[in-house]
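I have placed the structure first, in the form of structure tokens, so that the comments after it can refer back to it.
The values are calculated or read from the model by the stated rules, or taken from the named source; none is laboratory data. As the structure is a prediction and not an experimental result, all values here were calculated from the model. Neighbour counts are summed over all protein chains in view; Cβ atoms, including those assigned to glycine, are modelled from backbone coordinates with ideal geometry.
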Amino acid sequence: MKKAKIIAVVNHKGGVGKTASVVSIGAILAARGKKVLLVDLDTQANLTMHFLEDIPSRIIYHAIQERANLPIVPIRENLDLVPSGLDMAGIVSVMTNMRRREYIIKDLLEPYKNRYDYIFMDCPPNLELITTNALTAATKMLVPMKADLMSDYGLSMLDKFCADMQDLNPGIHIDQIFFNIYEKSTVTDAIEADVRGKYGDRVATTVVRKNVDISKAAFEYTDVVSYNADANGAKDFQALVDELAEKL
């Protein structure tokens, strides 16, 4: 019986291409025959709007509020989505007084673990209760980052956050990091060298270059590989999935 790898895609810094990464990696794995569920946990609902023109009436907010029945929307063969929406802006206040509040997402995912090969959670750009829930549920943690100083500082904050979470999910840590929206320069060379020096083989060899086709794909409600398989972004994400499939 299959048991999904539950992967939290996390970075408390915005603007690192987290959602586009979830879209691309999930779509590539689905095209390769893996059963994939994407879970949008962000108020901005960018993952949801990447695939859907309209936000469904039932979203992850309602499942959390009721603690039952994830709203699953089929996107294409092997690829499903749990949508988010603006109501998620108020979810933390709803969750605060709930019992086992750190385990709500974990409990919601439990009935679906045997239906999928991969479950990717697109986390909000903060380290608050929703992200805590995602990391409590996760079996792996994936961090996309830009090669800039603030992202470098942010990794040490994520490490500390994981250390403080060991009572909720023993062993949770940063499993893989990859450089995204990458533009080579003397500054990025220095940051990249520092991160690789600290994290070693937890940093993917593959980097995803900055590529306008990744953004254009969102306007067509699709992923970059489906939009333009010859684009640098498509080639880079294919190579990244090859590498992550071995490491995760």
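Residue by residue through the stretch 182-205, note down the ones that are within 17 Å of N11 (Cβ to Cβ) and touching a strand residue (DSSP E or B) at 6+ places or on another chain (Cβ under 8 Å). Once the filter is applied, which keeps residues that are within 17 Å of N11 (Cβ to Cβ) and touching a strand residue (DSSP E or B) at 6+ places or on another chain (Cβ under 8 Å), the stretch 182-205 yields Y182, T188, E192, V195, Y199, R202, V203, A204.
Look through M141, M145, M98, M150 and report the one residue that is under 20 Å from S21 (Cβ atoms), surrounded by fewer than 16 Cβ atoms within 10 Å (Cβ to Cβ) and of a type in the set (A, V, I, L, M). Break it down into steps so the answer makes sense when it comes.
Working: M141 fails: surrounded by fewer than 16 Cβ atoms within 10 Å (Cβ to Cβ); M145 fails: surrounded by fewer than 16 Cβ atoms within 10 Å (Cβ to Cβ); M98 fails: under 20 Å from S21 (Cβ atoms).
Of M141, M145, M98, M150, the one residue that is under 20 Å from S21 (Cβ atoms), surrounded by fewer than 16 Cβ atoms within 10 Å (Cβ to Cβ) and of a type in the set (A, V, I, L, M) is M150.
When L47, L29, L70 are checked against the criterion of being in contact with a strand residue (DSSP E or B) (Cβ under 7 Å, 6 or more places away or on another chain), over 30 Å from D230 (Cβ atoms), at pLDDT 95 or above and not in a strand (DSSP E or B), a single residue qualifies: L70.
Residues in the stretch 55-87 that are of a type in the set (G, A, S) and surrounded by fewer than 16 Cβ atoms within 10 Å (Cβ to Cβ) were compared, and the one that is farthest from Q44 (Cα to Cα) is A68.
Would you confirm whether any residue within the stretch 201-224 is among the charged types (D, E, K, R), over 30 Å from I55 (Cβ atoms) and part of a loop (DSSP other than H, G, I, E, B)? There is no residue in the stretch 201-224 that is among the charged types (D, E, K, R), over 30 Å from I55 (Cβ atoms) and part of a loop (DSSP other than H, G, I, E, B).
Just one of (1) in a helix (DSSP H, G or I); (2) in contact with an Asp or Glu (Cβ under 9 Å, 6 or more places away or on another chain); (3) within 26 Å of N169 (Cβ to Cβ); (4) of a type in the set (G, A, S) fails for S84. It is (1).
Can you name the condition, by its number, that V195 falls short on among (1) in contact (Cβ under 8 Å) with a residue 40 or more places away in the chain; (2) crowded, with 18+ Cβ neighbours inside 10 Å; (3) closer than 19 Å to A27 by Cβ? If we test V195 against (1) in contact (Cβ under 8 Å) with a residue 40 or more places away in the chain; (2) crowded, with 18+ Cβ neighbours inside 10 Å; (3) closer than 19 Å to A27 by Cβ, just (3) comes out false. Are any of the residues in the stretch 175-189 among the hydroxyl-bearing types (S, T, Y), under 16 Å from L142 (Cα atoms), surrounded by 15 or more Cβ atoms within 10 Å (Cβ to Cβ) and touching a residue at least 24 places away in the same chain (Cβ under 8 Å)? No, there is no match, as no residue in the stretch 175-189 is among the hydroxyl-bearing types (S, T, Y), under 16 Å from L142 (Cα atoms), surrounded by 15 or more Cβ atoms within 10 Å (Cβ to Cβ) and touching a residue at least 24 places away in the same chain (Cβ under 8 Å).
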